[in-house]
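The values are calculated or read from the model by the stated rules, or taken from the named source; none is laboratory data. All figures in this text were calculated on a predicted structure; none of them were measured in a lab. Cβ atoms come from the backbone with ideal geometry, glycine included; neighbour counts cover every protein chain shown. Ligands, DNA and RNA are excluded from the accessible area calculation, which covers all protein heavy atoms including side chains. Shrake-Rupley method; radii C 1.70, N 1.55, O 1.52, S 1.80 Å.
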Amino acid sequence: MILFPAIDLKEGLAVRLEQGDMARATICNRDPAAQAHTFEAQGFKYLHIVDLDGAFAGKPVNAAAVERILETVAIPVQLGGGIRDMATIEGWLSKGVNRVIIGTAAVRDPELVKSAARAFAGRVAVGLDARDGKVAVHGWAETSELAALDIARRFEDVGVAAIIYTDIARDGLLMGLNLDATIALADAVTIPVIASGGLASLDDVRALLAPRASKLAGAIAGRALYDGRLDAKEALTLIRAARAA
């Protein structure tokens, strides 16, 4: 179980949103690269980055901030937001992003995901952001009529590295992860699933390590880390202990 600290980028700054609402953004760090270095120094082994402006624009917007992060840390980085064509995928992977996350295009252009996953084995993930079980697109500004599970099943056996499943209703609100829905998705597909949205405390980490969540590949933590509600050292110690058991 990998715990991914999140850096969400808006106008070159590290921010946190509530329920994906750009009007409800709180600045966490004016230097995203420094924040990335802090996470690496705390012992995290992977980093989750989202170009929020890119998700709305449909193309990379915070490229300079992402590139500075890539120059600053040695740990692998997964990146989402505005990745909707093969040129963008190839560009980010060539610059040192370990794994790209395709969200809107997974709904609108599934063939892109399939082609990219085959071309870049293990380096393409799908982001499914759900509102009441239906997947939202374009920076969560629009909700499709497609269920997360239906979209996930499209990508079985094409080489997708992971599915990041986010419950929009919980994101940024410290309400706890929607483990029931996330585990149900993980049980229904063979692709590794990562939980996102609402992780609030050490209790959530313990729940992720419980037997019923054993199929989950990881979880993303954002606001709880910035607010100090989740102590990085305690969380990582708990995960290491579970791994060694």
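Here the range 184-224 and the range 52-99 have alpha carbon centers that stand 24 Å from each other. Bridges between two residues of the range 98-245, per DSSP, are antiparallel at a rate of about 25%. As an exercise, use a Förster radius of 25 Å and the Cβ-Cβ distance of Arg240 and Arg153 to find the FRET efficiency, rounded to the nearest 0.05. The formula returns an efficiency of 0.15 here. Ranked by the mean number of other Cβ atoms within 10 Å of their residues, highest first, the peptides 52-60, 83-91, 98-106 fall in the order 98-106, 52-60, 83-91.
Each distinct pair of alpha carbons in the range 117-166 adds a 1/r term; the inverse of their mean, the Kirkwood radius, is 11.3 Å. Scanning residues 5 or more positions from Ala221 or on other chains, those with amide H under 5 Å from its amide H are Phe4, Ala6, with H placed 1.01 Å from N in the peptide plane. Between amide H atoms placed 1.01 Å from N, distances below 5 Å from Lys10 occur with Val15, all of them 5 or more places distant or on a separate chain. Across the range 59-131, Cα-Cα pairs farther apart than 18 Å form 33% of the total. In the chain, the ratio of gyration radius to Kirkwood radius, Rg to Rh, stands at 0.92 when only Cα atoms are counted.
Share of carbon and sulfur in the accessible area of the range 161-245 stands at 51%, probe radius 1.4 Å. Spacing of the modelled spin labels on Ser214 and Glu90, each 7 Å from Cα toward Cβ, amounts to 4.3 nm. Counted residue by residue at 0.36 nm each, then reduced by the alpha carbon distance between them, the extension gain from Asp187 to Asp132 reaches 17.9 nm. Solvent exposure of the chain amounts to 41 Å² per residue of accessible area, where only protein heavy atoms count and the probe is 1.4 Å.
P(r) for the range 1-98: what percent of alpha-carbon pairs falls in each 10 Å bin, starting at zero? Pair shares across the bins are 17, 52, 30, 2. Solvent-accessible area of the range 1-108 (1.4 angstrom probe, protein heavy atoms only): carbon and sulfur portion equals 49 percent. For the range 112-245, the Kirkwood radius over C-alpha pairs fed into Stokes-Einstein at 4 °C and 1.567 mPa s yields D = 84 µm² per second. Once the Cβ-Cβ distance of Thr143 and Lys45 is raised to the sixth power relative to R0 = 30 Å, the FRET efficiency obtained is 0.35.
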